[in-house]
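Colleague: Can you read through this structure? Questions will come right after.
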Amino acid sequence: MKQHELATILLEKARIEELVAFYEDDTIDVPNEYVAYAANHQGITILVYQKDHHGAQKVVFQGVNALQEATIWGAPIKKEIKTHTPTGWQELAPHIGSDEVGTGDFFGPVIVVAAYFNPKQLDLLSKYKIGDSKKIDDEFIIKIGPQLIKDFPYSLMTVTPEKYNELVASGYNLNRMKAWLHQGVLANLQKKYPSKKIPVYIDQFCTPLQYFKYVKGHASFVNNLHFETKAERQYPAVAIASMIARYAFLTYMAELGAKYGTTFPLGASGKVDAFAASFIAKYKLEELNKLVKQNFKNYNKLI
């Protein structure tokens, strides 16, 4: 089992200076007026807040083994430990979570969604069979999608294929693109639920250190951010986000199919290659370019 820990300590100026010097190589940029210094050391996020009215500064450590790291510097005045098991919901208190869809599909957009869950919605988890959207039938997703977006607060961002190709051409890789989108939707939702006590979970696709490097310069800051692999199996908000994202993606593809009088195949298989070739024969390559992610191997087979 894995434990995610959060520890808070108070340090005086001299000790803060020692801490900053110690983590100098792990420094990250966090766009938050209340944060005086931030670092990510071996997956542990360290935030040094501005001085409080007593002159001491609050330092928060969060991540796996954060408690051990914090005690190097001082005795925690606050600590929280959560044990994660492979199955079952690990968080049923109010929380926010995000997930994405479309990253493995040659045709169509990349969509990222953040959703909010609170205990009053507990009965909806079983009613809507909330879980990992990749394991749920698309027909069921389409059926309950309208109800999901009605019952659960969410934020959604879409990168169309044309915008995707533009970003790739400007130097973005997929993970950087996803990081900016996750940061955006999480920040949007956190503005509606600003309590710092509400944890935020992201379905991890890169290391926390790399994530913070990707979002350096982003206009929004996300408090209390936790990175978890297979988060959609542990946190209802992430699972809800994954289902809403899937619903939005399927709706987008259905509308695209209606426009061209066809059904676009999903994924990036040989079946997709054959469909793309027939599409080019009918509509030309220029039209296909508007609908696909051009950095996929599928594209190189066509040109």
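Colleague: Is the range 95-254 rounded, prolate or oblate when judged by the Cα gyration tensor, a ≥ b ≥ c being the square roots of its eigenvalues, rounded requiring a/c under 1.5 and prolate requiring a/b larger than b/c?
Modeller: oblate
Colleague: Which pairs in the list LYS259/LYS301; LYS13/LYS120; LYS78/LYS127 are over 32 Å apart, alpha-carbon to alpha-carbon?
Modeller: In this structure, LYS13/LYS120; LYS78/LYS127 exceed 32 Å between Cα atoms.
Colleague: Further question: Measuring from centroid to centroid over Cα atoms, what is the spacing of the range 164-182 and the range 230-246 in Å?
Modeller: 22 Å
Colleague: Right, something else. Suppose only helical runs count, i.e. DSSP H with n ≥ 4. What mean residue ellipticity at 222 nm does that imply for the chain under -39500 (n - 2.57) per run, divided by all residues and rounded to the nearest 500 deg cm²/dmol? Kindly include the intermediate steps, with their values, before the conclusion.
Modeller: Working: 11 runs with 118 residues, N = 303.
Theoretical 222 nm ellipticity from helices: -11500 deg cm²/dmol.
Colleague: Taking θ as phi - 60°, what are the ³J(HN,Hα) couplings along the range 270-285 by the Karplus curve (6.51, -1.76, 1.60), each to the nearest whole Hz, with x for Gly and Pro?
Modeller: Once rounded to whole Hz, the list reads x, 4, 5, 4, 5, 5, 4, 5, 5, 5, 4, 4, 8, 10, 6, 5.
Colleague: With the chain treated as a Gaussian network of Cα nodes joined by springs under 10 Å, which of ALA241, ALA231, ALA56 yields the largest mean-square fluctuation?
Modeller: The residue with the greatest mean-square fluctuation here is ALA56.
Colleague: Which residue, ALA237, ALA36, ALA187, tops the fluctuation ranking in a GNM of the chain built on C-alpha contacts under 10 Å?
Modeller: The residue with the greatest mean-square fluctuation here is ALA36.
Colleague: Placing +1 on the Cβ of each Lys and Arg and -1 on the Cβ of each Asp and Glu in the range 95-254, which of LEU148, ASN223, ASN173 has its Cα farthest towards the positive end of the resulting dipole?
Modeller: So the residue furthest toward the plus end is ASN223.
Colleague: Of all DSSP beta bridges located in the chain, what percent are antiparallel, nearest 5? It would help to have the intermediate numbers written out before the result.
Modeller: Values: 40 of 47 bridges.
Taking every DSSP beta bridge within the chain, about 85 percent pair in antiparallel fashion.
Colleague: For a footprinting-style exposure proxy, rank PHE212, PHE221 by other Cβ within 10 Å, fewest first.
Modeller: Values: PHE212 23, PHE221 18.
Going from least to most buried by this count: PHE221, PHE212.
Colleague: Around TYR172, with a cut-off of 11 angstrom between Cβ atoms, what is the net charge of the other residues, counting Lys and Arg +1 and Asp and Glu -1?
Modeller: Result for the neighbourhood of TYR172: +2.
Colleague: So how long is each side of the range 25-154 along the principal axes, counting just the alpha-carbon atoms, biggest first, in Å?
Modeller: Taking max minus min along each principal axis of the Cα atoms, the range 25-154 gives 57, 35, 30 Å.
Colleague: With a sphere of radius 14 Å drawn around the Cβ of PHE264, what net charge do the other residues whose Cβ falls strictly inside it have (Lys, Arg +1; Asp, Glu -1)?
Modeller: Cβ neighbours under 14 Å give a net charge of 0.
Colleague: Add +1 for every Lys or Arg and -1 for every Asp or Glu among the other residues with Cβ under 12 Å from the Cβ of TYR214, and state the total.
Modeller: Once positives and negatives cancel, what remains is +3.
Colleague: Here is a follow-up. Provide, for q = 0.16, 0.23 Å⁻¹, the log10 of I(q)/I(0) from a solvent-free Debye sum over equal Cα point scatterers in the range 2-83.
Modeller: Values, matching the q order: -0.54, -1.12.
Colleague: Would you mind checking the radius of gyration and Dmax of the chain based on alpha-carbon positions, in Å?
Modeller: Over the chain's Cα set, Rg and Dmax evaluate to 21.5, 72 Å.
The numbers here are math on the coordinates, done by the rules we state, and not lab data. Owing to the predicted nature of the structure, the values given are computational and were not obtained by experimental measurement. Positions of Cβ are backbone-derived with ideal geometry, glycine not excepted, and every protein chain shown enters the neighbour counts.
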